[in-house]
Amino acid sequence: MNKAITDGLVLMPPPFSAGLNLWSRENGTVGSGSYLGQPNAALVSNDQDFAGCLELQKTEATQKLRSFAQTPIQPGLYLQVTARVKAVSGNLPSVRIAAWAGDIADANVAGVVQVGPSVTLTTYGEVVTVQAIISPATRTGVDMAWGTTAVYGHIGLDLTGPNGGVVRIDDIVVEDVTNVFIRKLMDWVDVRDYGALGNGVANDAPAFLAADADANGREVLVPAGVFRLTSDVSINNRIRFEGTLSMPANRKLTLVRNYDLNTYEQAFGSEIEGFRRALQALFYFTDHVTLDLSGRRVDMDAPIDVAAVAGLSSFANRRVIRNGSMNAVAGPGWATTDTLSVATYAVNNPKFLTGVANVANIEVGSLVIGTGGGREVYVKSKNVGAGTVELTQSLYGAAGTRSYTFRRFRYMLDFNGFDGLSKFEIEDVEFNCLGLCSGVMLPNSGSNTRVISCTFNQPQARALTSSGTGCQGLVVDMCQFLSNETSLPAVDRTTIAMNIQANDTKIRDNRVVRFAHFAVVNGTGHLIHANHFFQGDEVVAGVRRAGLIFTQTNISTIVSANYIDNCFIEWNNEHDATPEFENELSFGGLNIVGNIFIAIDTSSAFRWVVVKPYGPGHFLNGFSLTGNSFRVFNTNVDRVEMLDTTFATLDFTRSRNVRVEGNAFNQVNQQIMNPVVVTHTQNTAADTWNVSAGDYIPFGGRIRMMESVSAQGAITTAANATRYVFPHALVGTGVGGNEVQLKWGEAVKGSAIVSMRMDIPG
C-alpha cells in the first residue's frame with residue numbers, strides 16, 4: 001500500500017537546490033521567514049557525501065528548518081521522514097525530525113507531538129541518519145501521532161544543544177511506509193507474502209501453513225488466483241477467500257474457525273464441491289462435531305458417496321449435518337441401474353446367493369427382486385471370486401436356481417460404503433429429490449443414527465434405506481416424507497418411505513404422505529409412536545396398501561398414538577427362509593395401543609390389521625389391540641382385522657395372551673374383542689347350552705377358554721323350578737370352533753353373561 005502511488009499524493013518537500021526561499025527558518029507557515037539570504041545558510045554542491053546539500057550554522061537555541069510545502073496527512077497514511085546530517089565544525093549539536101501540524105483552517109494542531117527522537121552528533125564528518133514517522137494513528141512505531149484533525153504538515157528538522165556548530169544536511173526525504181504497518185493496520189495476513197503463487201500449478205500448501213502459523217489470531221487472506229494444495233492443510237485462524245483452491249480428492253482442507261458451507265463454497269468455487277470438502281473434513285475434526293449448511297441450498301447432479309469422500313470405512317464419533325437443503329438437478333448420475341443375473345438359493349445358507357452370474361457388475365446396496373423373495377431385501381456384500389452375494393434378509397420361497405434383478409437406486413447421501421458408522425446425525429435438512437433420486441442410504445453396519453426434523457420431498461424410489469444393519473438403534477423423529485406419487489391411485493404406487501433391517505428403532509412424530517408403504521420393518525424392539533401416515537387417493541371404493549409391514553414373527557414392538565390413515569398394518573414372516581413353524585417364537589410381541597385408524601371411500605373388504613403367515617403352524621403368542629379408535633367415512637367396512645391365508649393359516653388351537661379390548665368402532669359392521677363377552681338367553685330348557693361368540697373373535701379364531709359365567713336372574717327347569725347349579729364348559733365347539741358348550745347336568749333355561757377367550761394365558 002503506497003498512497004503516493006495509489007492516490008497521487010505529493011509527499012516530498014523540494015530539494016535545497018531548488019532555492020532556500022522554499023525553506024523556512026520558522027514553522028513554514030505563510031509569512032514566516034525563509035533561509036534565502038541568511039548568513040548562516042548556504043548551498044553546497046561539491047560535498048563528498050551528499051550530491052547537493054544545505055550547510056547550516058546553529059545560531060539559535062532551537063534552530064528550525066521547515067519546508068514551506070504542505071505535505072498531506074490522511075487517515076491510514078504513515079510517513080517516514082529521513083534526514084542525513086553530518087557535523088563539519090564547531091560545537092556538536094543534536095538533531096531531530098520536526099514538523100508543524102496544520103488543520104483545515106491553517107491553524108496549528110496544539111497538543112500533538114511535533115518532534116521526533118533526538119540524536120546527538122559526536123564526530124565530525126560522520127553521516128548520521130535521523131528518522132521519525134508521522135501518522136494520524138497512535139500505534140507502536142509512530143513518533144508523531146497527530147489524529148484526524150491535522151491535514152498537512154510543514155516537514156523539516158531541528159538543531160538543539162550548543163550554538164556555533166556547522167552541519168551539512170542532505171535533501172530531506174518523506175516516504176509512504178504504510179506497507180510497513182499493514183500487518184498491524186490490517187487484521188489479516190496474505191498467503192502471497194509467504195510464497196504462495198496462485199497459478200494453479202505450484203504447491204502453495206507450505207505458504208498457507210506458514211501464513212496460518214504467523215497469523216496469531218489475524219485473518220488469513222487468500223487473494224485472487226487458483227492455489228494448488230497437494231497435501232492436507234489445516235488452518236487454525238479465520239480465513240477469507242477471494243481466490244479458489246484446487247486439491248487432490250484424497251487431501252483435506254480443515255478450516256477450524258470457518259467450518260461452514262459458505263466458506264468452503266468460496267474456497268472451492270462451487271456449492272457442491274464446497275459441501276464435499278466440508279463433509280470430508282467433518283470426519284477428521286476434533287474441534288467441531290457439526291457441519292452447518294448455513295441455511296443454504298446445495299444443488300446436486302449426482303450422489304455423494306460419503307465413505308469415499310471421507311476416505312474411511314468406519315467411524316464411531318458423533319457427527320452432525322444440519323440446517324440446509326439438498327436439491328437434485330437432472331443429470332446422468334441419478335440413473336437407476338438394473339443388473340440381471342441367475343443365482344442359486346439354499347435354505348441352509350439363508351443369507352447368501354451362490355453361483356451368481358455377472359456378480360462383478362452387481363452393486364452392493366442393490367434391491368433384490370425375484371420370485372420367492374420378500375420386500376426390501378438388499379445386497380449387503382459380494383464376493384466376486386467366490387461368485388456369491390450376501391443378502392440383508394432371507395428369502396421365504398426361493399430355493400433353487402432362478403433369475404434375479406439387482407436394482408441400485410441413487411441416493412443424495414449414500415453411506416453404504418461404511419462398514420461401520422455410529423452416532424451420525426442429520427438434523428433440519430431438506431432432501432429435495434424431485435423425483436430424480438432417493439434420499440439417504442444408511443451405512444452397511446453401525447448404530448445410533450439419528451434423522452431429526454428433516455424433509456424428504458418427492459424421492460424417486462426410497463426416502464431412507466437400510467441396506468445392512470446400520471439402522472440398529474435408528475431414531476427418525478419429527479420428519480416429513482412427501483411422496484412423488486401423490487396423484488397415483490394407492491394400488492399403483494411403488495415408493496417406500498423407509499425400511500428397517502435391525503433392532504431397537506424409534507420412529508416418532510413423523511408425517512408421511514401417500515407412499516406405497518410407510519415402513520417395511522424387520523428386527524425387534526421398535527417404538528413407533530405419534531406418526532401420521534396416510535395413503536389414500538381419490539378413487540371411490542379404492543384399494544389400500546399396507547402402511548407398516550412387520551416381517552418377523554416375534555417383534556417386541558409398540559405401535560402407539562399414531563394416526564393411521566387409509567392404510568393398514570401387515571404382520572408377516574416374509575423374511576424367513578423356512579417360514580413354517582419350527583419350534584420357534586411365533587407371532588407375538590406386537591402391541592397396537594391408542595391409535596386413530598381411519599379410512600375414506602374404501603371397499604367394505606378393507607382391513608386395518610392383517611396377519612399373513614408365509615408358512616403353516618404359526619399361532620398368536622402375545623398380541624394386544626387395545627384402546628384404538630376405528631372410523632370409516634363415506635362407507636362401511638365389514639371388520640377391522642383379517643387373517644390373510646394366501647400362503648397359510650394360523651393354528652388357533654395354540655393362541656396365547658391375546659388382548660383385544662377397549663377399542664371404539666364407527667361404521668364398522670362387526671366389532672371384535674377378546675375376551676368375547678356375550679349374553680346368552682336359553683328359552684328352552686336344555687342340559688347343554690351352545691353359546692356362540694359369533695364373529696367377535698379376532699382373525700376368525702376359535703374359543704380356547706371360558707373365563708366366567710354369570711347368571712342373569714334365576715336358572716330354572718322347564719317347570720320353572722329354580723336350580724342353584726353351575727355348569728362346566730366345553731370350549732371350541734361348533735363348526736368353526738367359535739362356541740362354548742355349557743353343561744348344567746340337567747335341562748335348565750335362563751340367561752347368562754358368558755366371557756370366553758380365543759387364547760389361554762401364560
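The numbers here are math on the coordinates, done by the rules we state, and not lab data. All figures in this text were calculated on a predicted structure; none of them were measured in a lab. As a convention, Cβ positions derive from the backbone with ideal geometry for all residues, glycine included, and neighbour counts pool all protein chains shown.
Numbers at a glance
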quantity: Calculated FRET value between Asp301 and Val491, using beta carbons and R₀ = 35 Å, to 0.05; calculated: 0.60
quantity: Relative contact order of segment 187-288, defined on C-alpha pairs under 8 angstrom at six or more residues apart (%); calculated: 21 percent
quantity: Cβ-based charge dipole, the chain, positive-most Cα from Pro350, Thr138, Thr336; calculated: Pro350
quantity: Between segment 293-345 and segment 455-520, the alpha-carbon center distance in angstrom; calculated: 17 Å
quantity: Rounded to the nearest 20 debye, dipole of the chain from Cβ charges on Lys, Arg, Asp, Glu; calculated: 1280 debye
quantity: Antiparallel DSSP beta bridges within the chain, as percent of all bridges there, nearest 5; calculated: 45 percent
quantity: Segment 483-666, dipole about Cα centre (Lys/Arg Cβ +1, Asp/Glu Cβ -1), debye to the nearest 20; calculated: 420 debye
quantity: Net length gained if the chain between Val30 and Thr653 were fully extended (0.36 nm per residue, minus Cα distance); calculated: 212.1 nm
quantity: The chain: relative contact order in percent, alpha carbon pairs under 8 Å with at least 6 residues between; calculated: 6 percent
quantity: Sequence-separation-based contact order of segment 337-399, relative, with Cα cut under 8 Å and 6+ spacing, percent; calculated: 35 percent
quantity: Three-way shape call for segment 470-582 based on the alpha-carbon gyration tensor, with the a/c threshold at 1.5; calculated: oblate
quantity: Chain lengthening between Glu707 and Thr230 when straightened (0.36 nm per residue, less Cα-Cα); calculated: 163.7 nm
quantity: Which labelled figure in (i) -0.43, -0.58, -0.94; (ii) -0.69, -0.79, -1.02; (iii) -0.53, -0.69, -1.02 is log10 I(q)/I(0) by the Debye sum over Cα atoms at q = 0.07, 0.08, 0.10 Å⁻¹, once derived from the coordinates; calculated: (ii)
quantity: Cβ-based net charge around Gln682, under 13 Å, with every Lys or Arg adding one and every Asp or Glu removing one; calculated: +1
quantity: Selection from Gly33, Thr254, Asn669 lying farthest towards where the dipole of the chain points positive, charges on Cβ; calculated: Asn669
quantity: Rounded FRET efficiency, nearest 0.05, which uses the C-beta distance separating Leu43 from Asn91 and R0 of 30 Å; calculated: 0.85
quantity: For segment 337-399, size of Cβ-based charge dipole, Lys and Arg +1, Asp and Glu -1, in debye; calculated: 140 debye
quantity: Cβ-based exposure ranking for Glu219, Glu739, in which fewest neighbours within 10 Å come first; calculated: Glu219, Glu739
quantity: Which of Met705, Met498 has the fewest Cβ neighbours within 10 Å, and the rest in rising order; calculated: Met705, Met498
quantity: Angle in degrees between helix 205-215 and the longest Cα principal axis of the chain, rounded to the nearest 10; calculated: 70 degrees
quantity: Alpha carbon centroid spacing (whole Å) that separates segment 233-251 from segment 530-601; calculated: 51 Å
quantity: Which of Met642, Met144, Met12 has the fewest Cβ neighbours within 10 Å, and the rest in rising order; calculated: Met12, Met642, Met144
quantity: Global form of segment 593-633, assessed from the alpha-carbon gyration tensor, a/c cut-off 1.5; calculated: oblate
quantity: 0 to 90° range, to nearest 10: angle between helix 271-282 axis and the chain longest Cα axis; calculated: 80 degrees
quantity: Sites Val540 and Ile753 - FRET efficiency at Förster radius 51 Å, r taken between beta-carbons, to 0.05; calculated: 0.75
